[in-house]
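Derivation of every value follows stated rules applied to the coordinates shown; laboratory data play no part. In this text, all values refer to a predicted model and were calculated from it rather than measured experimentally. Positions of Cβ are backbone-derived with ideal geometry, glycine not excepted, and every protein chain shown enters the neighbour counts.
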């Protein structure tokens, strides 16, 4: 998985590309851990180029959601493909996350 | 019509056919299936003496064709053969390919031979190609010409040696359609094929060849649904199933995914179905890993074309445990699996846990 980070006035955007699975999800987890040490207002996870996500990826996302809530940061997930959206739906995460 | 007794064939010290005893009756359609290198084509070629058997006897309409006094060319005329590689005359037009044999060998006058050739070309859907050269045709068209050429000699039986193996997948059906039509018209045929659905649909009997023998024979239902012998069972199972062993927690996930994808593509599953299967398997492994360090896992995917269903079987050695009910603290894997599958069943058999589930259709 490739993660491309951009920053604009306190808004951090991570454009993710590839698979978010057992093998790769730790890359995103590590990126997020280091990011939460910075002072940010909003986090955007761009899923445009994510075509596969397993529970390993979901766990990273839900942990990030818990973290942003505790830090008072907004988190949005954008450009989610239908196949990934159905995984969010099945697991009930659609209600917890802000998916745009 | 054809009877082989104790038929054997050696190539040097290699024993290809051991002891073939078989009878093919008029009007029967016989499919000959089995792994590569088990003598299927050699058996077929022995029947019309393209290969001379090392032992045994072959009778055609009661005549022993291995008797030195027999008029072999005359007997061969009773048997047409269609080859994998077409074997057409590339320097002749399609029409001339069909009239050459009847005129030269059967003594039919050119006008009658042409009339019949045109009828046969119409039958195989290639009347408009009569004056084309064979090199101008696609593989599927060439094979249909080869079948028409075979029919132009009025054979009593046609031997097909893997007639679709050299064809692009898009051209297989046009050739099989012609063979199906011949079967309906009552032509006696013996067909070496890897097209299992075709073999199941078109045949009266199926010969499963292995170890240089007709290892098992029966109706398509017997061979494909209820094979009795071990090797037949394994062969039939392998055609429709994908099996993968996982013996280490550090197994190569992507290599496995690649093989699952290949299996799904082979059975023309949609991209979504393929993705779902890969996800289900990953979740099964995640749930398994959350419960135990023992990695002795057999994964099987079985696709039924008839019912358009995909059965996923996840069998693992270790203490009794249904990993879907004892998932980790968030239960995510079990939730995803439950959302993508139906009819999930857990069984404990011996020292193994077995989960069966069907991919949910959307």
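Report the rotationally averaged projected area of chain B based on its alpha-carbon convex hull, in square nanometres.
22.2
Between helix A:25-35 and chain A, what is the angle of the helix's C-alpha long axis to the longest principal axis, kept within 0 to 90° and rounded to the nearest 10?
In chain A, helix A:25-35 runs at an angle near 20 degrees to the longest axis.
Would you list B:312, B:246 from fewest to most Cβ contacts within 10 Å?
The most exposed by this proxy come first: B:246, B:312.
Roughly how tilted is helix B:271-291, in degrees to the nearest 10 and between 0 and 90, from the longest Cα axis of chain B?
With rounding to tens, the tilt is 40 degrees.
Let me have the relative contact order for chain B, percent, based on Cα pairs under 8 Å that are six or more residues apart. Numbers along the way, then the final one.
On the way: 617 pairs, mean separation 54.2, N = 362.
Rounded, it is 15 percent for chain B.
Quick one: B:203, B:304, B:36, fewest Cβ neighbours within 10 Å first, how do they rank? Can you show the working numbers first?
On the way: B:203 24, B:304 12, B:36 8.
Lowest to highest Cβ neighbour count: B:36, B:304, B:203.
How would you rank B:243, B:196, going from fewest to most other Cβ atoms within 10 Å of each one's own Cβ?
With the fewest neighbours first, B:243, B:196 line up as B:243, B:196.
Rounded to the nearest Å, what's the spacing between the alpha carbon centres of segment B:41-100 and segment B:329-351? Just the number, please.
Between the Cα centre of segment B:41-100 and that of segment B:329-351, the gap is 57 Å.
Can you tell me what percent of all Cα-Cα pairs in segment A:2-95 are more than 16 Å apart?
Numbers: 2236 of 4371 pairs.
Considering segment A:2-95, 51 percent of its Cα-Cα pairs are separated by more than 16 Å.
Can you give the mean number of other chain Cβ atoms that lie within 10 Å of the Cβ atoms in peptide B:331-344?
Partner-chain Cβ atoms within 10 Å, mean over residues of B:331-344: 3.
Using only atoms on other chains, find how many Cβ atoms lie within 10 Å of each Cβ of peptide A:76-83 and report the average. Don't jump to the answer; show the numbers that get you there.
Numbers: counts 0, 0, 0, 0, 0, 0, 1, 5.
What the average comes to for A:76-83 is 1.
Once you put a point 7 Å from the Cα of residue A:74 and another 7 Å from the Cα of residue A:51, both along the Cβ direction, what distance in nm separates them?
3.2
For the protein assembly as shown, what is the largest minus smallest coordinate of the Cα atoms on each principal axis, given in angstrom and ordered from greatest to least?
98, 55, 38
Determine, from the Cβ-Cβ distance of residue B:70 and residue B:111 and an R0 of 35 Å, the FRET efficiency 1/(1 + (r/R0)^6), rounded to the nearest 0.05.
It comes out at approximately 0.60.
Quick one: compute the contact order of chain A, relative version, from alpha carbon pairs under 8 angstrom and 6+ residues apart, as a percent.
The normalised contact order for chain A reaches 27 percent.
Using only Cα atoms and rounding to the nearest 10 degrees, what angle (0 to 90) does helix A:55-71 make with the longest principal axis of chain A?
Taking Cα atoms only, the helix is inclined about 30 degrees.
Where in segment B:4-19 does the amide nitrogen come within less than 19 Å of the point 7 Å from the Cα of residue B:228, taken along Cα to Cβ?
B:19
What is the spin-label model distance, in nm, from residue B:338 to residue B:181 if the labels are put 7 Å beyond Cα along the C-beta direction?
5.5
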